[in-house]
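The values are calculated or read from the model by the stated rules, or taken from the named source; none is laboratory data. No experiment lies behind these values; they were computed from the predicted model shown. A quick note on method: Cβ atoms are made from the backbone with ideal geometry, for glycine too, and the neighbour counts reach across all protein chains shown. Accessible surface areas use protein heavy atoms only, side chains included; no ligands, DNA or RNA. Shrake-Rupley method; radii C 1.70, N 1.55, O 1.52, S 1.80 Å.
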Amino acid sequence: MVGVCGSDVHYYETGRIGSQVVKYPFMVGHECAATVKETGRAAKRVKVGDRTVVEPAIVCHKCDQCRVGRENTCRNLKFLGCPGQVAGCLCEYIVMPEDCCYPVGNKLSLEQAVLCEPLAIGVYSVKQAKLSEKADVAILGAGPIGLSCLLAAKAEKAGACFVTEKIEERIGMAQKGGATWAGNPDREDVVKEILKLKQGGMDVVFECAGKQETIDQAIELLKPGGKLMLIGIPREERISFIIDRVRRKEISIINVRRQNKCTGATIDLLVSKKIDADFMVTHRFKLEQTQEAFEMVAGYCDGVVKAMIEF
């Protein structure tokens, strides 16, 4: 089973994400769960028949980045569905190193196993933010990654969680996920409304939309000494900050690159029921309906949050 991610749609619509440019034909897809069909002779952790969460990042374990625990910036990283690295998982069979395979038995459904990939980004984002208990947070953008940040923050006992989103159906999803407040910036001044409720501002803002307007809103929302977590992927080559406000508030800006070594922790959160993400799956498609799935996600149609492609 494969989930359709916003980054897959970037490649589908524009053929690139920043410097990563597709050379056609190219297979995308990196959110997947599978049943093991065959193993190599040296395999010890997985066996034939195992239901498995697939970690999409293939790392070398040898470079300077891997040696200091930064496998997400491995010098020799190969990531499923990235141009020039390795073909994606939108197919019936893939071959992966054993350390990218996490057997889950019957503890998780295949859909829940697929959700581990975006959820792990939320878990890693919250880990990088070093949330203190009862910290007040805002999440700008309630797509799968924004909702993953919300669920991870709630699991870490964050305080008030404010969510902004332009798609009405996703506002409802944020409320299902436990948001303290959720609002639409096309309908109201979300910065003003949030600061009415928390006059001191936010401890952390998770920017999950990849838009200049949400980056600007984040700066306004943060209290002095707050942290801005940049998670959304802008389509533009450059973004900007009002440096006077960033400097005077001494805001820390932290980029989040995927889900460094958080897949196992995410599986544990799902198995223990500390996170329930089932509501995020809104649409299901067969393989032959893949284009329809991508068009739906690209157009934000029918309240789609996470579309799954079943094999």
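The one condition from (1) out of contact with any Ser or Thr (no Cβ under 6 Å at 6 or more places or on another chain); (2) farther than 20 Å from Ile231 by Cα; (3) at pLDDT 95 or above that Glu31 does not meet is (2).
Which is open to solvent by less than 20 Å² (accessible area, probe 1.4 Å) and either closer than 26 Å to Ile254 by Cβ or of a type outside the set (A, V, I, L, M) (or both), of Ala138, Ala113? Steps first, answer last, please.
On the way: Ala113 fails: either closer than 26 Å to Ile254 by Cβ or of a type outside the set (A, V, I, L, M) (or both).
Answer to the check: Ala138.
Residue by residue through the stretch 119-132, note down the ones that are closer than 16 Å to Asn255 by Cα and either among the polar types (S, T, N, Q) or part of a helix (DSSP H, G or I) (or both).
The answer is Ala120, Ile121, Gly122, Val123, Tyr124, Ser125, Val126, Lys127, Gln128, Ala129.
For the stretch 91-102, state whether one or more residues are farther than 28 Å from Leu140 by Cβ and open to solvent by less than 10 Å² (accessible area, probe 1.4 Å).
Within the stretch 91-102, the subset farther than 28 Å from Leu140 by Cβ is 91-102.
From what's left, open to solvent by less than 10 Å² (accessible area, probe 1.4 Å): 100.
Yes - at least one qualifying residue is present in the stretch 91-102.
Does at least one position in the stretch 30-41 carry a residue that is of a type in the set (Ser, Thr, Tyr) and in a loop (DSSP other than H, G, I, E, B)? Let's see the steps before the verdict.
Filtering the stretch 30-41 down to residues of a type in the set (Ser, Thr, Tyr) leaves 35, 39.
Next, from what is left, pick out any that are in a loop (DSSP other than H, G, I, E, B): 39.
Yes, because at least one residue in the stretch 30-41 is of a type in the set (Ser, Thr, Tyr) and in a loop (DSSP other than H, G, I, E, B).
Among the residues making up the stretch 35-56, those that are in contact with a Cys (Cβ under 9 Å, 6 or more places away or on another chain), aliphatic (A, V, I, L, M) and open to solvent by 20 Å² or more (accessible area, probe 1.4 Å) are Val36, Ala43.
Please work out if Ala135 is of a type in the set (A, V, I, L, M), assigned to a loop (DSSP other than H, G, I, E, B) and free of Cβ contacts under 8 Å to residues at least 60 places away in the same chain.
Values: of a type in the set (A, V, I, L, M): yes; assigned to a loop (DSSP other than H, G, I, E, B): yes; free of Cβ contacts under 8 Å to residues at least 60 places away in the same chain: no.
It is false that Ala135 is of a type in the set (A, V, I, L, M), assigned to a loop (DSSP other than H, G, I, E, B) and free of Cβ contacts under 8 Å to residues at least 60 places away in the same chain.
Tell me, yes or no, whether the stretch 74-84 has at least one residue that is modelled with pLDDT of 95 or more and loosely packed, with under 15 Cβ neighbours inside 10 Å. Scanning the stretch 74-84, I find at least one residue that is modelled with pLDDT of 95 or more and loosely packed, with under 15 Cβ neighbours inside 10 Å, so the answer is yes.
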